[in-house]
Amino acid sequence: MTTLIHRLKTIHTQIRQAEINYQRHTGSVLLLAVSKTKPASLIATTYQAGQRHFGENYLQEALSKQQALGAFDITWHFIGPIQSNKTKAIASHFDWVHSVDNLKIARRLSEQRPSYLAPLNICLQVNISDEASKSGISLSELAELCEQVTTLPNIKLRGIMAIPAPSDNFEQQCQPYKTLYQAVKNLNKPELDTFSFGMSDDLNAAIAEGSTIVRIGTALFGSRHYG
Ligand SMILES: *Cc1c(COP(=O)(O)O)cnc(C)c1O
């Protein structure tokens with residue numbers, strides 16, 4: 001438990017230091033704690049240390065943790081692949097969705113967003129290093145999907161999310177984020193203010209290239225055990 005709090009502080013220090021090093025505004029990078037496979041008790045501990053934003057990949061797992069943590073004022077982010085039969089529950093139980101990669105899913109999320117809730121914040125997932133993941137649109141599809149999604153009433157398009165191919169070279173880590181950041185700026189839509197860039201192993205490169213949300217799992221909660 002103390003390890004967790006220590007790691008949380010270390011990540012905050014790393015983020016603040018990267019903001020200074022790369023001339024980013026203080027507080028412009030949000031920490032999203034990625035809690036997939038981790039129990040609700042660890043989320044509670046992290047919450048009590050001040051963390052408010054949590055990210056989950058698997059719907060059923062997320063819903064049971066949300067139920068256990070109902071008393072906590074958590075902002076929930078869905079960051080995993082989305083099947084169309086899951087959109088109703090996602091639209092009802094999350095504040096953000098980072099992994100939208102087609103119009104059909106975006107339409108369903110908008111239609112199914114309950115009217116008593118604020119519009120759902122979404123990011124489009126862009127696949128920049130094609131071999132890394134099956135999810136995400138290509139960069140050439142970004143402008144058109146942005147136009148289409150912007151017209152949907154109950155979702156609010158905020159920006160993009162990316163998971164580049166891993167690299168342990170800083171310059172190589174920066175390159176895809178630089179390309180994506182510029183592509184979004186070229187769309188000339190000031191409402192696109194969110195760059196969901198960076199995980200445990202490339203947080204500095206992501207912040208250097210404009211990240212506003214870093215999604216950190218392993219560096220905070222330790223390695224994951226599936227099964
Ligand atoms: C699991 C996951 C993360 C966290 O990755 P770590 O390397 O453990 O920090 C971030 N983003 C997405 C989309 C994930 O699925």
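The values are calculated or read from the model by the stated rules, or taken from the named source; none is laboratory data. Treat the numbers as computed from the prediction; the structure is a model and nothing was measured. Cβ atoms come from the backbone with ideal geometry, glycine included; neighbour counts cover every protein chain shown.
Brief remarks on what is shown
- Residue satisfying condition, being at pLDDT below 95 and away from the ligand (no atom under 14 Å from the Cβ), within set GLY227, GLY159: GLY227
- So ALA165, is it modelled with pLDDT under 95 and on the phi < 0 side of the Ramachandran plot: yes
- Cβ pairs under 6 Å, 6+ apart, first in the stretch 145-164 and within 28 Å of ASP201 (Cβ to Cβ), second among the small types (Gly, Ala, Ser) and surrounded by fewer than 24 Cβ atoms within 10 Å (Cβ to Cβ): ILE163/SER133; PRO164/SER129
- Selection over the stretch 185-214 of residues that are more than 13 Å from the ligand (Cβ to nearest atom) and at positive phi gives a count of 2.
- Selection status of ASP201, acidic (Asp, Glu), part of a loop (DSSP other than H, G, I, E, B) and more than 26 Å from ARG52 (Cα to Cα): no
- Search result, residues across the stretch 108-122 that are surrounded by 17 or more Cβ atoms within 10 Å (Cβ to Cβ) and more than 16 Å from the ligand (Cβ to nearest atom): ARG108, LEU109, SER110, ARG113, LEU120
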